[in-house]
Amino acid sequence: MKKYCMITFGCQMNVHDSEKMAGLLKSEGYSETEDPKDADIVIFNTCSIRQKAEQKFFSQLGRTKAIKKRKPGLKIAVAGCIAQQEGSSILQRTPYVDYVIGPQNICAIKDIVRSDSAVIATDDNPNVADIELPADRKDTVRAWINIMYGCNNFCSYCIVPYTRGREKSRPAISILDEIKELADKGFKEITLLGQNVNSYKSDMNFPALLGEINRIGGIERIRFVTSHPKDLSNELIYAIRDLEKVCEHVHLPLQSGSTRILALMNRKYAYADYVKTVGKLCKEIPGIAITSDIIAGFPYETDEDHKTTINAIKEIGFDGIFAFKFSPRPGTKASEMTDQLDEGIKTERLYEILEVQNKITEDKNRMLEGRVQEVLIEGISENDSKKFSGRTRTNKIVNIPSTKSLRAGDIVKVKVTRALRHSLEGKPV
Ligand code: SAH
Ligand code: SF4
Ligand code: F3S
């Protein structure tokens, strides 16, 4: 039996693409191995969102060269966003790579891996949203589901529109059928995936789609990522409020608190618009968690702009953020802007952002001490095998000492006994 080794970088979209490639390879008789030395094919599913992600991949790829020397039959595939961006130049740079597969072409992986000669599959695939692929999911409780592909927003810093192509929504009926199947298999939570789920459009819009999913028996929790602030409608806010399975958490990337920088980023909203949207969310959905992404050190960002971002973070009080140093990506508008900041300044600003947010996250978590939360159990805690681990509806991790036997998929009421910076501890009530 042939074996594949899948090495995945990047976002949830990529993790799910890996599940689909795994599903296709398994249907072809392959089995999985975690050890590249043991594999007949190694697939790197890559990410090019920041330079660091790219470097991480290239250094890992380099290590497979030696394995291939000892085992010449080994095939090496580069899939994902770097594959799309670099195309044939990957074969020039690293000639031991056999296949280059862009995100829109993973559906062809079965044919590709049969080929004895090199394959570069990076053409635009207009049917990407209509093709159904069997995903080999590792989790048995929580599942990712694509509802749309690509992105039309062209934020000036972002590579994604170039690697994932134009926005395409998947037909509602095919999404609903997949979720029904998952419910039958015992899945409890689904996360709908798209670069900008609020602009989902098929024969229904996104709030209507949530309404349909909410009616599927067996599914207990519905989540979605990512929301773009410019498209978060009142209708969606009411849907989150009124649909009992839709969790009280929105990931709403702000990127910067400075409206001047937001304009340079081509985000199409002002800071005041963002605050207004957050105000509505908090008013309609008490207890909602709001998380965000922030970029530190965008071109032209002054000390003043940076302070504005720090103040914004304090004013809004996010439950958590992902913060990144601006990384110029080839071909994007921001990479060509003349006023690029020093690495040192970017680092300083990033640390300040993280420091301010860490304190807010801790305070927010502490406010939950003594409160009862609904937790979906995911399994044994990664850090402590004597504890179970799960998440609140607001997506906070809760570790629970195993007083009674709990199983992945159980939904339990838990009293929060202690708040830590990045997780909570609690006991079932
Ligand atoms: N479609 C999603 C996710 C995009 S990538 C969205 O719009 O939110 C996730 C995050 O990576 C972005 O929100 C942004 O904060 C960050 N990011 C993207 N490009 C970047 C770059 N060139 N440098 C630094 N951070 C970047
Ligand atoms: Fe990138 Fe902006 Fe699209 Fe998100 S919305 S994927 S940040 S271009
Ligand atoms: Fe995701 Fe990275 Fe591509 S964040 S969309 S895998 S560039």
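The values are calculated or read from the model by the stated rules, or taken from the named source; none is laboratory data. Predicted, not measured: the structure shown is a model, and the values here were computed from it. Please note: Cβ atoms are built from the backbone with ideal geometry, for glycine as well, and neighbour counts cover all protein chains shown. The area values use the complete protein model at the heavy-atom level, side chains included, leaving out ligands, DNA and RNA. Shrake-Rupley method; radii C 1.70, N 1.55, O 1.52, S 1.80 Å.
So, in region 262-292, exactly how many residues are in contact with a His (Cβ under 9 Å, 6 or more places away or on another chain) and either open to solvent by 40 Å² or more (accessible area, probe 1.4 Å) or without any contact (Cβ under 8 Å) to a residue 60 or more places away in the chain (or both)? Working first, answer last.
Pass one, region 262-292, residues in contact with a His (Cβ under 9 Å, 6 or more places away or on another chain): 267-269, 288-292.
Add one more test, that the residue is either open to solvent by 40 Å² or more (accessible area, probe 1.4 Å) or without any contact (Cβ under 8 Å) to a residue 60 or more places away in the chain (or both), and what stays is 268-269, 290, 292.
Residues meeting the conditions: 4.
Do we have N127 as more than 16 Å from ligand 3 (Cβ to nearest atom), polar (S, T, N, Q), touching a residue at least 24 places away in the same chain (Cβ under 8 Å) and over 21 Å from A408 (Cβ atoms) here?
Values: more than 16 Å from ligand 3 (Cβ to nearest atom): yes; polar (S, T, N, Q): yes; touching a residue at least 24 places away in the same chain (Cβ under 8 Å): no; over 21 Å from A408 (Cβ atoms): yes.
No; evaluated as a whole, the condition is false for this residue.
Determine if region 131-146 includes at least one residue that is assigned by TED's automatic domain parsing to the domain that holds H228, of a type in the set (D, E) and in contact with a Cys (Cβ under 7 Å, 6 or more places away or on another chain).
no
Are any residues in region 194-211 surrounded by 16 or more Cβ atoms within 10 Å (Cβ to Cβ) and assigned to a helix (DSSP H, G or I), and if so, which ones?
Once the filter is applied, which keeps residues that are surrounded by 16 or more Cβ atoms within 10 Å (Cβ to Cβ) and assigned to a helix (DSSP H, G or I), region 194-211 yields V197, N198, S199, F206, P207, L209, L210.
Got at least one residue in region 319-329 being open to solvent by 10 Å² or more (accessible area, probe 1.4 Å), closer than 30 Å to R391 by Cβ and more than 11 Å from ligand 1 (Cβ to nearest atom)?
The answer is yes; a qualifying residue exists.
So, in region 163-172, how many residues would count as being open to solvent by 20 Å² or more (accessible area, probe 1.4 Å) and away from ligand 1 (no atom under 11 Å from the Cβ)?
4
If we keep just the residues of region 228-238 that are more than 16 Å from ligand 3 (Cβ to nearest atom) and crowded, with 19+ Cβ neighbours inside 10 Å, which is nearest to N205 (Cα to Cα)? Steps first, please.
Let us first name the residues in region 228-238 that are more than 16 Å from ligand 3 (Cβ to nearest atom), namely 229-238.
Now restrict to residues that are crowded, with 19+ Cβ neighbours inside 10 Å: 229, 232, 236-237.
Values: P229: 16, L232: 12, L236: 10, I237: 13 Å.
Filtering region 228-238 for residues that are more than 16 Å from ligand 3 (Cβ to nearest atom) and crowded, with 19+ Cβ neighbours inside 10 Å, the one nearest to N205 (Cα to Cα) comes out as L236.
Taking region 270-327 as the search range and keeping residues that are out of contact with any Ser or Thr (no Cβ under 8 Å at 6 or more places or on another chain) and among the polar types (S, T, N, Q), which one is farthest from E355 (Cα to Cα)?
Of everything passing the filter in region 270-327, T277 is farthest from E355 (Cα to Cα).
Which of the strands (runs of 3 or more DSSP E) found entirely inside region 69-162 contain at least 2 residues meeting this: within 16 Å of ligand 1 (Cβ to nearest atom) and modelled with pLDDT of 95 or more? Explain how you work it out, then say what you get.
Numbers: elements: 75-79, 99-101, 119-121, 142-146.
Ranges flagged: 142-146.
I'd like to verify a number: residues in region 239-261 that are buried (at least 23 other Cβ atoms within 10 Å of the Cβ) and among the hydroxyl-bearing types (S, T, Y), how many?
2
Can you tell me which residues in region 25-57 are open to solvent by 10 Å² or more (accessible area, probe 1.4 Å) and within 14 Å of ligand 3 (Cβ to nearest atom)?
Quick first cut of region 25-57, residues open to solvent by 10 Å² or more (accessible area, probe 1.4 Å) only: 26-38, 40, 47, 49-56.
Listed by number, the residues that qualify are C47, I49, R50, Q51, K52, A53, E54, Q55, K56.
Residues T163, T191: which one is more than 16 Å from ligand 2 (Cβ to nearest atom) and closer than 27 Å to R50 by Cβ?
On the way: T163 fails: more than 16 Å from ligand 2 (Cβ to nearest atom).
That would be T191, the only listed residue that is more than 16 Å from ligand 2 (Cβ to nearest atom) and closer than 27 Å to R50 by Cβ.
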